[in-house]
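Report on the structure given below.
The values are calculated or read from the model by the stated rules, or taken from the named source; none is laboratory data. Everything numeric here is computed off the predicted structure, so don't read it as measured data. Every residue, glycine among them, receives a Cβ derived from its backbone with ideal geometry; neighbour counts consider all protein chains shown. Just the protein is used for accessible areas: all its heavy atoms, side chains included, with ligands, DNA and RNA removed. Shrake-Rupley method; radii C 1.70, N 1.55, O 1.52, S 1.80 Å.
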Amino acid sequence: MHTDLVAALDIGGTKIAGAIVDDRGRLVVRAQRPTPAREDGETVMGAVDEVLAELIAAPPWPRVRAVGVGSAGPVDRSAGTVSPVNVPGWRKFPLVDRVRAVTDGLPVELIGDGVAITAAEHWQGAARGHDNALCMVVSTGVGGGLVLGGRLHPGPTGNAGHIGHISVDLDGDPCPCGARGCVERIASGPNIARRALAHGWRPERDGDVSAAAVARAAEAGDEVARASFERAARALAAGIAATATLVEIDIAVIGGGVAKSGDVLLAPLRRALRDYATLSFVRRLTVAPASTGT
């Protein structure tokens, strides 16, 4: 039974992941490289080329009929370009043309990574059966996507639901996007760690200063680490409540690396949501961890 397959690319500030996927959403082949995010655009594209080369060399490749790309944003679906906030070397980078060239002219579909996780979670994850949902990625950056009226809502350029760049602190820190006090500037992994360090948290002897290390410290009772996650949770709650108030979603699904910290993030998030989602039509909003993994 040889069904058609698709190739998938996931472009983020930390890793570039690729897979060959079947019609049930199972990953048949996987490949991954670290993102050389501080390098120039061609070096970043080199990592994408390596991931694609590994997929193309895999035996199932001849059955691949299309390529789907989910990229950190902003993206431009109509132009086929990406300008990820966390990858400065890529500004209006013609990713779709470049991927098409490497894959012998296969059709290439580009979408924001937040919209991609939303499609996955609505198809076979935590948002299944929900007609109005917000799904989020909380990792190196913070992205999101919307399901409205039972359908994925990518918006004209593929960025609708990009909750990471809603401002939740009017006098907050400048964000690399150009605004101030964005959700991402408070709630992304690197920013959780940055705040913890600035307030006196110190890593273990291994020197690990990732958000995962801060999460472990918070679990062990470190007050500074816990406070950094509390602040991230409040920022996320404010953004989620604003979204729910605007378009009436009934579930917010949280995925991405930082969401793996579990209750360290979700417990204060659910508490904070009660403070922000106060109107009658948003009070029943539930929060669930993503089930499709990173």
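Of 108, 168, all but one fail to be more than 26 Å from residue 268 (Cβ to Cβ) and open to solvent by 10 Å² or more (accessible area, probe 1.4 Å); the exception is 108. Of all the residues in the range 78-95, those that are over 13 Å from residue 44 (Cβ atoms) and either surrounded by fewer than 20 Cβ atoms within 10 Å (Cβ to Cβ) or without any contact (Cβ under 8 Å) to a residue 60 or more places away in the chain (or both) number 5. Contact annotation: residue pairs with Cβ atoms under 6 Å, 6 or more positions apart or on different chains, pairing a residue in the range 1-18 that is within 14 Å of residue 95 (Cα to Cα) and open to solvent by less than 50 Å² (accessible area, probe 1.4 Å) with a partner that is assigned to a strand (DSSP E or B) and polar (S, T, N, Q), are 11/71. Selection over the range 104-121 of residues that are under 21 Å from residue 12 (Cα atoms) and either out of contact with any Ser or Thr (no Cβ under 9 Å at 6 or more places or on another chain) or assigned to a helix (DSSP H, G or I) (or both) gives a count of 11.
Could you go through the range 223-241 and let me know if any residue there is without any contact (Cβ under 8 Å) to a residue 60 or more places away in the chain and more than 21 Å from residue 169 (Cβ to Cβ). The answer is yes; a qualifying residue exists.
If you go through the range 126-162 and keep only what is crowded, with 24+ Cβ neighbours inside 10 Å and assigned to a loop (DSSP other than H, G, I, E, B), you end up with 127, 139, 140, 141, 158, 161, 162. Looking only at residues in the range 62-77 that are open to solvent by 30 Å² or more (accessible area, probe 1.4 Å) and touching a Gly at 6+ places or on another chain (Cβ under 9 Å), which one is nearest to residue 25 (Cα to Cα)? Looking at residues that are open to solvent by 30 Å² or more (accessible area, probe 1.4 Å) and touching a Gly at 6+ places or on another chain (Cβ under 9 Å), I get 77.
Tell me, yes or no, whether the range 194-213 has at least one residue that is within 30 Å of residue 131 (Cβ to Cβ), in contact with a helix residue (DSSP H, G or I) (Cβ under 9 Å, 6 or more places away or on another chain) and among the aliphatic types (A, V, I, L, M). Looking for residues that are within 30 Å of residue 131 (Cβ to Cβ), in contact with a helix residue (DSSP H, G or I) (Cβ under 9 Å, 6 or more places away or on another chain) and among the aliphatic types (A, V, I, L, M), one finds none in the range 194-213, hence no.
Here are 220, 225: which of them is at negative phi, open to solvent by less than 40 Å² (accessible area, probe 1.4 Å), of a type outside the set (Phe, Trp, Tyr) and over 20 Å from the mean Cα position of the chain (by Cα)? One residue alone meets the criteria, 225. Of all residues in the range 24-44, those being farther than 18 Å from residue 84 by Cα and in contact with a strand residue (DSSP E or B) (Cβ under 8 Å, 6 or more places away or on another chain) number 6.
Would you say residue 43 is closer than 20 Å to residue 255 by Cβ, among the hydroxyl-bearing types (Ser, Thr, Tyr) and at pLDDT 95 or above? Considered against the rule, which asks whether it is closer than 20 Å to residue 255 by Cβ, among the hydroxyl-bearing types (Ser, Thr, Tyr) and at pLDDT 95 or above, residue 43 comes out as no. Filtering the range 19-52 to residues that are farther than 16 Å from residue 293 by Cα, among the basic types (Lys, Arg) and open to solvent by 90 Å² or more (accessible area, probe 1.4 Å) leaves only 38. Scoring residue 116 on the criteria (1) buried (at least 23 other Cβ atoms within 10 Å of the Cβ); (2) small (Gly, Ala, Ser); (3) farther than 14 Å from residue 143 by Cα leaves a single failure, condition (3). Screening the range 171-213 for residues that are in contact with a Leu (Cβ under 9 Å, 6 or more places away or on another chain) and free of Cβ contacts under 8 Å to residues at least 40 places away in the same chain and picking the one that is surrounded by the fewest Cβ atoms within 10 Å (Cβ to Cβ) gives 180. Would you check if there is a residue in the range 246-256 being within 19 Å of residue 283 (Cβ to Cβ) and either assigned to a helix (DSSP H, G or I) or in contact with a Gly (Cβ under 6 Å, 6 or more places away or on another chain) (or both)? Looking for residues that are within 19 Å of residue 283 (Cβ to Cβ) and either assigned to a helix (DSSP H, G or I) or in contact with a Gly (Cβ under 6 Å, 6 or more places away or on another chain) (or both), one finds at least one in the range 246-256, hence yes. Screening residue 57 against (1) farther than 23 Å from residue 157 by Cα; (2) at pLDDT below 95 leaves a single unmet condition, (2).
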